[in-house]
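Just so you know, all these numbers are worked out from the coordinates, no wet-lab data involved. Nothing here was measured: the structure is a model prediction, and the numbers come from that model. In this analysis, Cβ positions are derived from the backbone assuming ideal geometry, glycine residues included, and neighbour counts consider all displayed protein chains.
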């Protein structure tokens, strides 16, 4: 098989994997009647306003990119304790917990302000530096706070 053929096979397998992940996350129900498949979900305002900005990572313990996120989330949890709340929700272990967030694939990171309002959403792996840069862009500079 030539390089183009192998690339096509890999792309096809990735598409199938994404479809399976969506099916599992959506509970096998597909898109709801109030949301089109290509439409972004409405922002989720959480009932749990912690008084701290909050990062929610929705993923699964056995998903490779999610496994790559785990040490980053732990670092953020420890380094910014008292300034940032970091949560992980395993949507394969508990699919019901992921449904209110309207995610399409995992991992998905959702950034909430201290009032519980969604400020930003990212799908896929996200490096620690990118997470901190996004928080800074949103007006939360945790590194500046740690130097004082």
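A few comments on the model shown:
- Segment residue 141-residue 127, extension gain: residue separation times 0.36 nm, minus the distance between their alpha carbons: 3.4 nm
- Taking label positions 7 Å along the Cα-Cβ direction at both residue 67 and residue 114, the computed distance is 3.9 nm, reported to one decimal.
- Full-stretch length increase - residue 92, residue 74 - with 0.36 nm per residue and alpha-carbon distance subtracted: 4.5 nm
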